[in-house]
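Trainee: The structure's right below; bear with me while I get my questions together.
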Amino acid sequence: MTSRSAPPRFESCTLDGVRYEAEYPFTEGPSGTRSGGIVAVDAATGDRLWSLVLWTSPRVLEGGLSVPPRYLHRITSDLGPGTLRVVDEYGFAYRVDLATRTARAIGRAEPAAAHGAIALHTRSESRVGRPSPAPIVFEGRRYQQILNGEREGLGQRTGLMSVTDVASNQRVDVARIYDDPRREGLGDDPDDGFFVSVEPDAGDVFFLSAELDADRREIVIESERHERFAYRIDDGSVHRLS
């Protein structure tokens, strides 16, 4: 039997007449799933407008072990116009685009909110000679390579860049500069309660350089494969350079 502490107090957000609340849909049955997300409600009438699932997890693992529910902690509108930051009880954040009603993970944003929340301990064995270009600060934001995106639940280890508001030191976005599929069998393996990043000869591809082109409002990034990409500051898009 798996137990957990009480969920944290949830903080909703109202923006332009719409209130954004937490929602936890699930499927019935012994092998069902439990999901977490947000629902948009008309603040004046209480009518449900739309909803968005952020994560889905099994309710029961093989062997009959119950998986405790995961709750949201807060929703804020501090990422800029047309976007929401949704943070769960473990401090993991999502960026929600209200125009497209889509979300993407932007990693751990703050310490865990709930007393007794599960802590993820990590240690890393870094390969020798891993390049790490200096962060770029431009117009109040810091652009920096993410060295292990898998550890932050971002879907891949390298090829990612964080965008952080300098004043608040809060991450506002994650840009995927290039895909970085890794060979089967490589990654983080459990070992005595830790997740160990085995990086030597693991095929990781890091940024070799990152340079700001202020006139073109781009950050030009070269990977260890000597492929070049341009990240457009104004819209967050990425295109490959010849």
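Trainee: With respect to Y20, is the statement that it is in contact with a Cys (Cβ under 6 Å, 6 or more places away or on another chain), within 23 Å of R104 (Cα to Cα) and either at pLDDT 80 or above or of a type outside the set (A, V, I, L, M, F, W, C) (or both) true? Quick ask: steps written out before the conclusion?
Mentor: Working: in contact with a Cys (Cβ under 6 Å, 6 or more places away or on another chain): yes; within 23 Å of R104 (Cα to Cα): yes; either at pLDDT 80 or above or of a type outside the set (A, V, I, L, M, F, W, C) (or both): yes.
Considered against the rule, which asks whether it is in contact with a Cys (Cβ under 6 Å, 6 or more places away or on another chain), within 23 Å of R104 (Cα to Cα) and either at pLDDT 80 or above or of a type outside the set (A, V, I, L, M, F, W, C) (or both), Y20 comes out as yes.
Trainee: Any idea which of A93, A113, A103 is modelled with pLDDT under 75 and surrounded by 18 or more Cβ atoms within 10 Å (Cβ to Cβ)? Give the derivation first.
Mentor: Details: A93 fails: modelled with pLDDT under 75; A103 fails: modelled with pLDDT under 75.
Sole residue among the options that is modelled with pLDDT under 75 and surrounded by 18 or more Cβ atoms within 10 Å (Cβ to Cβ): A113.
Trainee: Can I ask one more? Filter the stretch 213-223 down to residues that are over 16 Å from R142 (Cβ atoms) and surrounded by fewer than 14 Cβ atoms within 10 Å (Cβ to Cβ), then give me how many there are.
Mentor: So the answer is 3.
Trainee: Does R85 satisfy the condition of being under 25 Å from D213 (Cα atoms), assigned to a strand (DSSP E or B) and either of a type in the set (K, R) or at pLDDT below 90 (or both)?
Mentor: Against the criterion (under 25 Å from D213 (Cα atoms), assigned to a strand (DSSP E or B) and either of a type in the set (K, R) or at pLDDT below 90 (or both)), R85 does not qualify.
Trainee: If you go through the stretch 166-173 one residue at a time, do you hit one that is touching a Lys or Arg at 6+ places or on another chain (Cβ under 7 Å) and either in a strand (DSSP E or B) or at pLDDT 95 or above (or both)?
Mentor: Yes; the residues of the stretch 166-173 include at least one that is touching a Lys or Arg at 6+ places or on another chain (Cβ under 7 Å) and either in a strand (DSSP E or B) or at pLDDT 95 or above (or both).
The values are calculated or read from the model by the stated rules, or taken from the named source; none is laboratory data. Everything numeric here is computed off the predicted structure, so don't read it as measured data. Every residue, glycine as well, gets a Cβ built from its backbone with ideal geometry; the counts of neighbours run over all protein chains shown.
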